[in-house]
Amino acid sequence: MNSQILTKINSFTKNRLIEFSGVVLIILSIFLLVSIASYSPTDPNFIFLSENDEIKNIAGFYGSVVSDFLLQSLGLVSFLLVINFFYWGVKIFSKKKITSLITKVFFIFTYITFGTTFLNIWNNNSFWLIDNGNGGFVGRSIKDNLYYFSPLIDNQYITYGLLLLTIIFFILSLITTIDEFLKILVFPFIIIKKIFTFFKSNKQKVYAN
C-alpha cells in the first residue's frame, strides 16, 4: 500500500516537473520572440553601453542584450530557434515526457550551420542587422572557410541545397515520429487548400444570389 502511494506521489511530482519545464520553455520562447522582434541596433548590448538611456526593446535591457547576441551570431535563423523552444514547450507540457533530446539538439546545430551559411551566401545585406548581416557571424565564418576550400559554394544549386537542408533539419528538430513529420510537411498545403475552398464557396454563393 505504502509503495503504491509513493509511486503515485513520484509520478505526480515527475509530471508536474515536466509540465513546469514545458511552461519555462514556452515563456522563454515568448521572451525571445518579443526581444528579437523589437531589437534595435542602438540599444545596449555585450559590446557597448548606449549613451541613449531609452531602451527601445520591449523586453528591456535583458531583451536587448539577448537579442543582440542571437541576431549578431545566428542572424535571422534565431527565429527558428524561438519556434523550437515554443514547440518543445507545448509538446513537453501536453505529452508529459521528453524524447530524443540529444538528437534534437544535434538537428538544431545542423540547421543553424546550413541556415546561417545559406543566408550569408544568398542575401547577407541587412538594414536591420548592420554589423554581421542576415546570416550572423556564424554564417560568415562558415562561408569564408568553405569558400577557401571551394569557390563553388556560390553555385546557386548548392545555395538552394543549403536552404532545403535547413528546412529538413528544422522539421526534424521538431518532430518525434515519421507521422508527425508528414503532418508538418503537408500542413501548408492543407491550409492553402482550405483557403481556396473558402474563396470558391464564397464565389458560388455570390453567383447564386
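Every number here is computed from the coordinates shown, using simple stated rules; none is lab data. Predicted model only: the values in this text are computed from it and were never measured. Note: ideal-geometry Cβ built from the backbone for every residue, glycine included; neighbour counts use all protein chains shown.
Treating each Cα of region 74-113 as an identical point scatterer and ignoring solvent, apply the Debye formula and state log10 I(q)/I(0) at q = 0.22, 0.29, 0.33, 0.34 Å⁻¹. For region 74-113 at q = 0.22, 0.29, 0.33, 0.34 Å⁻¹, log10 I(q)/I(0) is -0.74, -1.03, -1.12, -1.14. Other residues within the sphere of radius under 12 Å centred on the Cβ of P41, judged by their own Cβ, net out at -2 (K and R +1, D and E -1). Count Lys and Arg as plus one, Asp and Glu as minus one, and take only other residues whose Cβ is under 12 Å from that of F85; the net charge is then +2.
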